[in-house]
Amino acid sequence: MTDTQVALVTGAGQGIGRGIALKLAADGYDIVVADLDFQAEKAAGVVAEIEALGRRAVFVAADVSKKADVEAAVATALEKLGGFDVIVNNAGIAQVKPILEVTEEELNKIFQINVNSVVYGIQAAAKSFIERGVKGRIISAASIAAIKGFPILGAYSASKFAVRGLTQVAAQELATHGITVNAYGPGIVGTGMWELIDSELSKINGKPLGQNLKENVESIQLGRIETPEDVAGVVSFFASPNAGYVTGQVLLVDGGMLYN
Ligand SMILES: NC(=O)c1ccc[n+]([C@@H]2O[C@H](COP(=O)([O-])OP(=O)(O)OC[C@H]3O[C@@H](n4cnc5c(N)ncnc54)[C@H](O)[C@@H]3O)[C@@H](O)[C@H]2O)c1
């Protein structure tokens, strides 16, 4: 790596995004920690953890469903950290609802946050990479739900299928610039997202809190719940020289739940 390698990670205030930010910092990147304004305190903690690893970091308040916010976050990387080489379009939300009950507002919201954001991230990153002649890396959050549709996660599954489609398209359109575009597909990671899924599922099927998570974890071949660090290892690979010839892929990191 050259001196200043900078990665921008969205949704980095907690969960998988935090794990990715810390791993990339350990790999030697300076990090833009992007998250919603209300996560500023948690994000400040992540910034401090990165600085403790000897790297530089800044927090930028950004709502990834807004194109201007994503563009501003990219600009922050260049202005405050002096470079921009990797974007991780990680921020996302889940919705747990039977398809017959999903409202127009809910559908719009999940697509704005999970899909539009990835388009904005690809656009802002690629524009900056091309202008500066950087063979950058674009890495986005897919899911096992990008490969198989999961009941009661209909809108979520559709949004992650869309991330997979966008990854394939952008990989082909940007290859001529030496930019690679890939996505990671976690299974069941013990974050705030799964706390929400578990509690919403229990409202629907009456199982006690924690039971749905437990049953889902039992279906994992490697026999344990996934950690943000498990996911971060794959993102680290995609960002590294080892992945220079990998593009357009969704790499499942799910402990052996799905096989494609
Ligand atoms: N947890 C899992 O089991 C799992 C599995 C597969 C894929 N994923 C994907 O991984 C990604 C991260 O999930 P997580 O489990 O860490 O979730 P999380 O809910 O723990 O964290 C998500 C982060 O994204 C931020 N965020 C939400 N909306 C945002 C917006 N509009 N703009 C900016 N930031 C926003 C939140 O503030 C939060 O810090 C998501 O895209 C998710 O779909 C998670």
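Checked against (1) within 12 Å of the ligand (Cβ to nearest atom); (2) more than 21 Å from residue 111 (Cα to Cα); (3) not in a helix (DSSP H, G or I), residue 64 meets all criteria but (2). The selection criterion, being open to solvent by less than 20 Å² (accessible area, probe 1.4 Å), in a loop (DSSP other than H, G, I, E, B), more than 10 Å from the ligand (Cβ to nearest atom) and free of Cβ contacts under 8 Å to residues at least 60 places away in the same chain, holds for residue 28. Going through segment 163-211 one residue at a time, which ones are modelled with pLDDT of 95 or more and within 19 Å of residue 93 (Cα to Cα)? 163, 164, 165, 166, 167, 183, 184, 185, 186, 187, 188, 189, listed by residue number. On the given criteria, is residue 51 away from the ligand (no atom under 16 Å from the Cβ) and assigned to a helix (DSSP H, G or I)? Considered against the rule, which asks whether it is away from the ligand (no atom under 16 Å from the Cβ) and assigned to a helix (DSSP H, G or I), residue 51 comes out as yes. Inside segment 241-260, can you point out the residues that are in a loop (DSSP other than H, G, I, E, B) and open to solvent by 20 Å² or more (accessible area, probe 1.4 Å)? Listed by number, the residues that qualify are 244, 245, 246, 247, 249, 255, 257, 258, 259, 260. Considering the conditions (1) among the small types (Gly, Ala, Ser); (2) open to solvent by 70 Å² or more (accessible area, probe 1.4 Å); (3) at positive phi, residue 15 is excluded by exactly one of them, (2).
Pairing each residue of segment 109-132 that is under 25 Å from residue 176 (Cβ atoms) with any residue that is more than 15 Å from the ligand (Cβ to nearest atom) and part of a helix (DSSP H, G or I), provided the two are 6+ apart or on different chains, yields C-beta distances under 6 Å for 122/170; 126/174; 130/177. Residues in segment 166-206 that are aromatic (Phe, Trp, Tyr) and in a helix (DSSP H, G or I): 194 alone.
Which of the residues spanning segment 133-176 are free of Cβ contacts under 8 Å to residues at least 40 places away in the same chain and open to solvent by less than 10 Å² (accessible area, probe 1.4 Å)? Result: 145, 157.
Any residue that is more than 21 Å from residue 63 (Cβ to Cβ), more than 12 Å from the ligand (Cβ to nearest atom), in contact with a His (Cβ under 8 Å, 6 or more places away or on another chain) and of a type outside the set (Phe, Trp, Tyr) - is there at least one of those in segment 128-144? The answer is yes; a qualifying residue exists.
If only residues of segment 1-12 that are among the polar types (S, T, N, Q) and surrounded by fewer than 24 Cβ atoms within 10 Å (Cβ to Cβ) are counted, the one that is farthest from the ligand (Cβ to nearest atom) is 2.
Scan segment 87-123 residue by residue and report those that are hydrophobic (A, V, I, L, M, F, W, C), more than 10 Å from the ligand (Cβ to nearest atom) and surrounded by fewer than 19 Cβ atoms within 10 Å (Cβ to Cβ). Break it down stepwise before answering.
Here is the first cut: in segment 87-123, the residues hydrophobic (A, V, I, L, M, F, W, C) are 87-88, 91, 93-94, 96, 99-100, 102, 107, 110-111, 113, 115, 118-119, 122.
With the extra rule that they be more than 10 Å from the ligand (Cβ to nearest atom), the set shrinks to 87, 96, 99-100, 102, 107, 111, 115, 119, 122.
If the condition is that a residue be hydrophobic (A, V, I, L, M, F, W, C), more than 10 Å from the ligand (Cβ to nearest atom) and surrounded by fewer than 19 Cβ atoms within 10 Å (Cβ to Cβ), then 99, 100, 102, 107, 111, 119 are the ones that fit.
The values are calculated or read from the model by the stated rules, or taken from the named source; none is laboratory data. The structure presented is a predicted model; accordingly, all values stated were derived computationally and were not measured. Positions of Cβ are generated from backbone atoms using ideal geometry, with glycine treated the same way; all protein chains shown enter the neighbour counts. Only protein heavy atoms, including side chains, enter the accessible area calculation; ligands, DNA and RNA are left aside. Shrake-Rupley method; radii C 1.70, N 1.55, O 1.52, S 1.80 Å.
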